[in-house]
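This report concerns only the one structure given below.
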Amino acid sequence: MRPLIAMPARFSASASALRHHAEVNARALVEAVWRAGGEPVSLHPHAPGGVADPDEVAGRLARFDAVLLPGGGDIAPHRYGAGTAHRSVYDVDDEQDGFDLEVARQVLAAGLPLLAVCRGLHVLNTVLGGTLEQDMGGIGLDHRHVVHPVAVLPGSLLERTTGAQKASVSCYHHQRVSKMGQGLVVTAEAADGTIEAIEGPALASWLVAVQWHPEDNAREANTQQAIFDAFVRAARP
């Protein structure tokens, strides 16, 4: 039986043929989980007024074997203590933030295997008291539509998972970690010093968060699909 992988959906203004606003997950991400042997399940983000009920979220997650926090828009800067928002901050949704942050809290409390991608990494870092650099410097200085090398820390879970100390990764982000959250360690960096992966060895049995989008080329790149494969293996009952 395939382990159940919870994936908070992303609000979308439109989706082909649905005629209404949608709640979606990227097909490439869903397919990567499926190839790894998991059963990906989208969760409706429910957090009225931007605040999710902890007991409700814990109850909804109880049936799942692992959680994947996917990419998406920016987190509202006030969530990590910033007084003002940079003009480049985009696609902020208070309900999405409230739900994702509570999901991360409950996953950590339960010790479930967790894979966090791009925004998901930011959510995890924020929940643990970290902060974000709201904008990396604009066009040419951010990591939008970029494939670049990262150096992976030897001996890390990510290195054991991918079998590589260097990897070419596909990125789309204009924000990055500023202050690290408690209990997290850096396990991959880009040449410009951007934190590209973090782990929490003492926080969960399996926890990897990557700044890049491994789903972009997981079908062709074994090092990227290996991340999903290891995640789903960790989720098996």
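Within the stretch 69-81, not a single residue is surrounded by fewer than 19 Cβ atoms within 10 Å (Cβ to Cβ), farther than 28 Å from GLU31 by Cβ and of a type in the set (D, E, K, R).
Can you pull out every residue in the stretch 77-118 that is assigned to a loop (DSSP other than H, G, I, E, B), aliphatic (A, V, I, L, M), within 20 Å of GLY50 (Cβ to Cβ) and touching a residue at least 24 places away in the same chain (Cβ under 8 Å)? Matches in the stretch 77-118: ALA82, ALA85, VAL89.
Kindly evaluate GLY193 against the criterion of being in a loop (DSSP other than H, G, I, E, B), modelled with pLDDT of 95 or more and either in contact with an Asp or Glu (Cβ under 7 Å, 6 or more places away or on another chain) or under 19 Å from PRO70 (Cα atoms) (or both). Outline the logic, then answer.
Values: in a loop (DSSP other than H, G, I, E, B): yes; modelled with pLDDT of 95 or more: yes; either in contact with an Asp or Glu (Cβ under 7 Å, 6 or more places away or on another chain) or under 19 Å from PRO70 (Cα atoms) (or both): no.
In short, no.
Within the stretch 31-49, residues that are among the aromatic types (Phe, Trp, Tyr) and modelled with pLDDT of 95 or more reach partners that are surrounded by 15 or more Cβ atoms within 10 Å (Cβ to Cβ) and assigned to a loop (DSSP other than H, G, I, E, B) with beta carbons closer than 9 Å, at six or more positions or on different chains, in the pairs TRP34/ARG2. Filtering the stretch 196-237 to residues that are charged (D, E, K, R) and not in a helix (DSSP H, G or I) leaves GLU196, GLU199, ARG219, GLU220, ARG236. The set of residues in the stretch 164-183 that are open to solvent by 20 Å² or more (accessible area, probe 1.4 Å), in contact (Cβ under 8 Å) with a residue 24 or more places away in the chain and not in a strand (DSSP E or B) comprises SER178, LYS179, MET180, GLN182, GLY183.
The values are calculated or read from the model by the stated rules, or taken from the named source; none is laboratory data. Here the structure is a predicted model, which is why all the values come from computation and not from measurement. Please note: Cβ atoms are built from the backbone with ideal geometry, for glycine as well, and neighbour counts cover all protein chains shown. Just the protein is used for accessible areas: all its heavy atoms, side chains included, with ligands, DNA and RNA removed. Shrake-Rupley method; radii C 1.70, N 1.55, O 1.52, S 1.80 Å.
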